[in-house]
1. Report, to the nearest 10°, how far helix 83-101 tilts away from the longest principal axis of the Cα atoms in the chain, using its own Cα long axis and a range of 0 to 90°.
2. Given a 10 angstrom Cα cut-off, can you work out which residue in T100, T112, T62 is the most mobile in a GNM of the chain?
3. Can you compute the FRET efficiency between A71 and L173 using 1/(1 + (r/R0)^6), with r the Cβ-Cβ distance and R0 = 41 Å? Round to the nearest 0.05.
4. Nearest 10 degrees, 0 to 90: what angle lies between the long axis of helix 105-120 and the longest principal axis of the chain (Cα atoms)?
5. Regarding the chain, what's the average projected area of the Cα-atom convex hull, expressed in nm²?
6. Could you work out how far apart the two model spin labels at S44 and Q60 are, taking each label as a point 7 Å from the Cα in the direction of the beta carbon, and quote it in nm?
7. Please tell me the relative contact order of the chain in percent, rounded to the nearest whole number, where contacts are Cα pairs under 8 Å and at least six residues apart.
8. Quick one: with all protein chains in place, what share of the accessible area of the chain is carbon or sulfur, to the nearest percent (1.4 Å probe)?
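The values are calculated or read from the model by the stated rules, or taken from the named source; none is laboratory data. Keep in mind it's a predicted model, so treat the numbers as computed, not measured. Note that we place each Cβ from the backbone using ideal geometry, even for glycine, and neighbour counts take in every protein chain shown. When the accessible area is computed, the model is the full protein with side chains, heavy atoms only, and any ligands, DNA or RNA have been set aside. Shrake-Rupley method; radii C 1.70, N 1.55, O 1.52, S 1.80 Å.
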Amino acid sequence: AGLRDALSGGERNQAIAALADDVGNLRIAWRFWVAQSDLGRLGSLAGSLLSLNEARGWYQDTVELTRDMLALFAEGSSSSAHPGKEIALRMTLARALLATRGFTPEVVDEYTRALELFERGEVLSGQHYSVLRGLANLYMLRSELDKAAELAERILALAEAEDDNGMRISGHLIVG
């Protein structure tokens, strides 16, 4: 818990360095817990490893970690019990795939799955906005402007419902 707290505090650089020094052992533990289907232990380790991967630009490792977790969710009932966790994993996977493979249909699929999960479950509206914005930005970069505009309208509707000026700005930028 101390290292996890340090990752989001003023000692982040030291915490990242400590994790990087021990990454070989952490990956061995990860593989062991994946083989044991121990979602509890994996969940405890995932945040730290994902922070390390993000800090170091190790996006391929992020792809592997998120796919491991999603596969274990699919085996059990964890994803249906916690749609917010699956959405967060799919968003992380989409961003890592975007960084490693570019604007591929696989990235669109992950954002789309996250959006579908949101629309079926009880999750935070902030996640909904993140999914909509990520997918809209992806469509803009791929010059699929009609799809981006459709999502921008949904962002604007969400912004009105929540009276959120940041969302309004984002929606108007995408529409523009």
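1. Once rounded, the angle reads 90 degrees.
2. Result: T100 has the largest fluctuation of those listed.
3. Details: r = 36 Å, r/R0 = 0.88.
The value I calculate is 0.70.
4. 80
5. On the way: hull surface 44.1 nm².
Quarter of the Cα hull surface area: 11.0 nm².
6. 3.0
7. Working: 165 pairs, mean separation 22.3, N = 176.
Relative contact order for the chain comes out at 13 percent.
8. Numbers: 4830 of 9470 Å².
Heavy-atom surface of the chain belonging to carbon and sulfur, 1.4 Å probe: 51 percent.
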